[in-house]
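Structure first, commentary second.
The values are calculated or read from the model by the stated rules, or taken from the named source; none is laboratory data. Quick caveat, the model's predicted, so the values are computed rather than measured. Note that each Cβ is placed from the backbone with ideal geometry, even for glycine, and that neighbours are counted across all protein chains shown.
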Amino acid sequence: MRFFKTALPFLLILSFAQAVKAQSILFEFGQTSSKFTHNTSGPEKTFYNSKGQVLKLSLAQDFLTNHEVRFGATLFEANSLGQVITTELDYETQFLGLFTMANFNIFSLANRRYCASCTDFNFYINTGVQLSTLVGGSQKIDNIIYDLKGVEDFKGLWLSPILGAKVRFDASDIISLILTYNFVPMFNFTDTSEDFTINSSQISFGIQLWL
Amino acid sequence: MALAKKLFFGLLLCGVLHAQNPRGISYQGVVLYPSVELPGIDSRVTPYSERDVCFRFSIYDDTDALEYSETHNTSTDYYGQVNLVIGRGDNPLIPGRLDDLKWDGTAKFLKVELDYAALCTDWEEISYSELNYVPFAFYALSSGGSNSDDQNLTGATLTGTTLQIDIENGNSTSVDLATLQDGTGTDDQNIQGLVLDATTNTLTVGIENGTSQNVDLSSLAGADNQNLTAATLTGTTLQIDIENGNSTSVDLVALQDGTGTDDQNLTAATLTGTTLQIDIENGNSTSVDLVALQDGTGTDDQNLTAATLTGTTLQIDIENGNSTSVDLAALQDGTGTDDQNLTAATLTGTTLQIDIENGNSTSVDLVALQDGTGTDDQNIQGLVLDATTSTLTVGIENGTSQNVSLAALVNDADANPTNEIQDLILTTKILSITNNTAATPIDLKEVLDLNDAADVTITAPATNEVLAYESGQWVNKPLKDLKLVEYASSYPAAPQSQPLKVGLPSSPNSTDLRFANIDEVDILIIDNSSDNSYITLEDLDSERDGKILKIVESSNQNPKITANSIPFYNTLDADNENYLFFNFIKIVTSGGDLNREFKHESVDFIWQGGNWTPMR
């Protein structure tokens, strides 16, 4: 949680700077489930999923009626457990990234219980791209902890395609509730010396404020 | 698999053990935890120390057919070393025991596999190599040849990190033990750089090619300025305590008088015959002959034999002695008993008589308990309140009166008791109270209305004068002193510094709206000097307090003054008089209709509290 506290002011400033031009602003928080893959010769390594947290702040603009294009910042954890021979591995990493995403509305379902004219359930398919960098992390091998900041395999920029889905519930004219799932595989294109990727699934809940 | 071989450093020492059953091939190795490429920091090569592992040894013939296999569950030592004997493992596989194999000189291959988790299921192949030399002593055993397998190791030479092992009738082999070292190659470092920091009492011990260590010697440091902290005498032992040191004790018994103490107690007194022996603590006993205290008869052990009470005489008899009598009459009252009861208590006046059984009555005069009058039924009398001094005098029958000051109950701000009750007096229209010149008088003319006709005096201003309210009173002022407002289509805001603005239409008519907005004038004078004049006043109900409307009626004309809303509205009466004579005006006020007859006089109205009110 510490890195969330330190980065939150940055995200707020970024959001306010762009808010006047955006049609809506989205604030999301949720959980990640990540697993490393590292294909090298040598003893077999096994990695397991581990949970983390994600925080996203983005601006959205409608296009072509009910589709959205979004631009935002995200702070998330990509943690993983692992084992090689008899050694336990535990990775905890934090990334800060920028993303752009297009949300294609596939259909809407009116919620006439509350408002026959203005309340809808909207279902979207998400596609996008994310650029992120490690802001902190640790690696534990048999209870010895190493700092991963600046370590070759993790430093530099990570490129990630984004594929997912979103459900938006329009609670009122100014507030919508959103539930998002994104699959975000991460590739380090700064350091390609090892076949190392991080597969992260993110599920988040948030609000969308219409400006 | 190739990497796994690299990662396992095996030191293979093979020798055939045949002096005992079953025979076997000794195998010694060091299990190292491999350096594994990991995301982030790679794991390092370290001895796989003090862990359970499982080995599997398999022997293949030259056709790669499995001839023998067995597993070993074992543990590594601190350095990761294992010492095993192939042939003494668990679960030996087909076709039987190691020494049952055909050691006929054909090539045989040994495969070594390792399960790090010691489950004996997940195997990492460590090596697969042909058996040479020593193991082929099995061949020697089975061949019946002249060779023997009782060679001895003839030497083991360590050169640098290389250990060369020589064997009788065999080839030497060398093993590089560099991995067992700390990397620097020698263990012969010297101590260097011994530094004592007297300030911090720290001794720094340096070592060649190593990291120096600090030792805190402050506990050894000290001074010679200790003070004695206590001296405690317990019995004859004096204990002396010293600062930062050990206590010591001194036995001072030699300073005594030899007996040890002067506080001995007598421990016993024993009477034997007439001899009294007295014993003392820490001392010698002494005896005293008490025979002189006897009466010659030899004993003092007589007993009282009887005690007889006859009347009040008590006779006491003693063994071997004379009786004696005691008269106890003095203890009695003469009647022989002390169990009398009080029989009565009678109060007569102030005299209390007390009667006793078998005794004389006695009386006590209780008059001293009274106040002298003999009764407690006095009444309160003579209650007097002195209003001047606020003192209440409370008198009592047959008693002394008391005064109580009630000044605390009186709130007399001016401390003048004579002016507390006052009368209201009305002088002309001024209401005031008596006996208090400081009280504020109230001018009631401000609250009178026209129904109080008898009290209203309206003084018509002289020609060219208006009635103005100045300095708290209404005064007639010449019009020349007023600012006249000339005709204009609209009136800009007048400067507030001008105290009085007057509108004076000379000949108003029905279309004259110059006074549509009379905000800009303080006084509007309407002089109905022409026939059929019409004046329409707008927004009268939104005027501010103090605005004056002056109507001057100088002839029997027929003015019509209308306003757009009540409360000021002058509608002439329904009878014809109203059209002929302007001598009766009906004024509607918030308090009801007010009829007032005006004849050849002027009347002024003032806007006050939301109404146009005739001015008095």
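Comparison of B:G87, B:G96 shows that the only residue that is farther than 16 Å from B:Y27 by Cβ and either more than 60 Å from the chain's Cα centre (by Cα) or at pLDDT 85 or above (or both) is B:G96.
For B:T184, the criteria (1) farther than 30 Å from B:Y79 by Cα; (2) at pLDDT below 80; (3) among the β-branched types (V, I, T) hold in every case but one, which is (1). Of the set (1) polar (S, T, N, Q); (2) modelled with pLDDT of 95 or more; (3) surrounded by fewer than 17 Cβ atoms within 10 Å (Cβ to Cβ), all apply to A:S193 but (2). The one condition from (1) closer than 16 Å to A:T86 by Cβ; (2) outside any strand (DSSP E or B); (3) of a type outside the set (A, V, I, L, M) that B:E37 does not meet is (1). Among the strands (runs of 3 or more DSSP E) confined to segment A:35-117, the ones with at least 3 residues that are within 14 Å of chain B (Cβ to nearest Cβ), modelled with pLDDT under 95 and over 21 Å from A:N182 (Cα atoms) are located at A:80-84, A:87-110.
Please state which one of B:T393, B:T389, B:T375, B:T400 is under 30 Å from B:T350 (Cα atoms), at pLDDT 80 or above and either β-branched (V, I, T) or outside any loop (DSSP other than H, G, I, E, B) (or both). That would be B:T400, the only listed residue that is under 30 Å from B:T350 (Cα atoms), at pLDDT 80 or above and either β-branched (V, I, T) or outside any loop (DSSP other than H, G, I, E, B) (or both).
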